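Single-structure report; data block below.
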Amino acid sequence: SAVISQKPSRDICQRGTSLTIQCQVDSQVTMMFWYRQQPGQSLTLIATANQGSEATYESGFVIDKFPISRPNLTFSTLTVSNMSPEDSSIYLCSVGYETEAFFGQGTRLTVV
Amino acid sequence: LAKTTQPISMDSYEGQEVNITCSHNNIATNDYITWYQQFPSQGPRFIIQGYKTKVTNEVASLFIPADRKSSTLSLPRVSLSDTAVYYCLVVLNTGGFKTIFGAGTRLFVKA
């Protein structure tokens, strides 16, 4: 199993600014995943973060808007850049072991 | 990755058994069927997983027919605290996999 800690748990940000979300895992993992969950919606995968290489982004998500760092096997950050109200969502990080995925509690972002 | 289809919402009463069916017609040979539960303001949580026939744990049962094109999550004697969104997924047993979520089923348990 895995325990995932995300920081911050929530934030209210001004449009045009950026927020960096941290994700810490209690064990080493090869891949970490970042998701977005808009209000009342399901989870949408943003990108896969591999240690030592650039993140792989899903369709509709770009590195300039959502830069990701993966400095080691237990930590990753997601930055939401140049925010607009449409970026108001919950952002979650996840890791997978065999066929089970573990999720952080999420970061609730409100852009005003 | 196989697409899944499940009801958008379901209502139930406390003490009833709830069955949520999911279709996954394009499931591949190496895919596993996995269900997650999500409460408001929390990340999804693993409930149960199976490959074929029936799997039971302390929380739920999962029924999978021989053709594996559908599955049914069974929650015995639900309580108010079972009100949540339930996601059916098919995942490849490769380790470190990425999980693609469908729309989920919003279960509302009434008193």
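The values are calculated or read from the model by the stated rules, or taken from the named source; none is laboratory data. Predicted model, so just to flag it, every value in this text is computed and none were measured. Positions of Cβ are backbone-derived with ideal geometry, glycine not excepted, and every protein chain shown enters the neighbour counts. These area figures cover heavy atoms from the full protein model, side chains too; ligands, DNA and RNA do not enter into them. Shrake-Rupley method; radii C 1.70, N 1.55, O 1.52, S 1.80 Å.
Numerical summary
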item: The listed residue being at the interface with another protein chain (Cβ under 9 Å from one of its Cβ atoms) and out of contact with any Ser or Thr (no Cβ under 7 Å at 6 or more places or on another chain), out of A:THR99, A:THR44; result: A:THR44
item: Residue that is most open to solvent (accessible area, probe 1.4 Å) [pool: residues in segment A:7-38 that are of a type in the set (Ser, Thr, Tyr) and either closer than 11 Å to A:VAL95 by Cβ or part of a loop (DSSP other than H, G, I, E, B) (or both)]; result: A:THR30
item: The one condition in (1) away from every other protein chain (no Cβ under 14 Å); (2) aliphatic (A, V, I, L, M); (3) over 26 Å from A:TRP34 (Cα atoms) that B:LEU107 fails to fulfil; result: (3)
item: Evaluation of A:ARG108 against (1) open to solvent by 10 Å² or more (accessible area, probe 1.4 Å); (2) assigned to a loop (DSSP other than H, G, I, E, B); (3) of a type outside the set (Val, Ile, Thr); (4) in contact with a Lys or Arg (Cβ under 8 Å, 6 or more places away or on another chain) (one fails), failing number; result: (2)
item: Strands (runs of 3 or more DSSP E) lying entirely in segment B:26-87 (those with 3 or more residues that are open to solvent by 20 Å² or more (accessible area, probe 1.4 Å)); result: B:45-50, B:53-56
item: Among residues of segment A:6-36, those that are polar (S, T, N, Q) and farther than 16 Å from A:SER81 by Cα, counted; result: 6
item: Extreme residue, nearest to A:VAL29 (Cα to Cα), among residues of segment A:59-73 that are of a type outside the set (Phe, Trp, Tyr) and buried (at least 18 other Cβ atoms within 10 Å of the Cβ); result: A:ARG70
item: Residue within segment B:91-108 that is out of contact with any Lys or Arg (no Cβ under 7 Å at 6 or more places or on another chain), outside any loop (DSSP other than H, G, I, E, B) and within 24 Å of A:ALA2 (Cα to Cα) present; result: yes
item: Inter-residue pairs, beta-carbon under 6 Å, first charged (D, E, K, R) and in segment A:57-72, second part of a strand (DSSP E or B), 6+ apart; result: A:GLU58/A:LEU45; A:ARG70/A:ALA49; A:ARG70/A:SER76
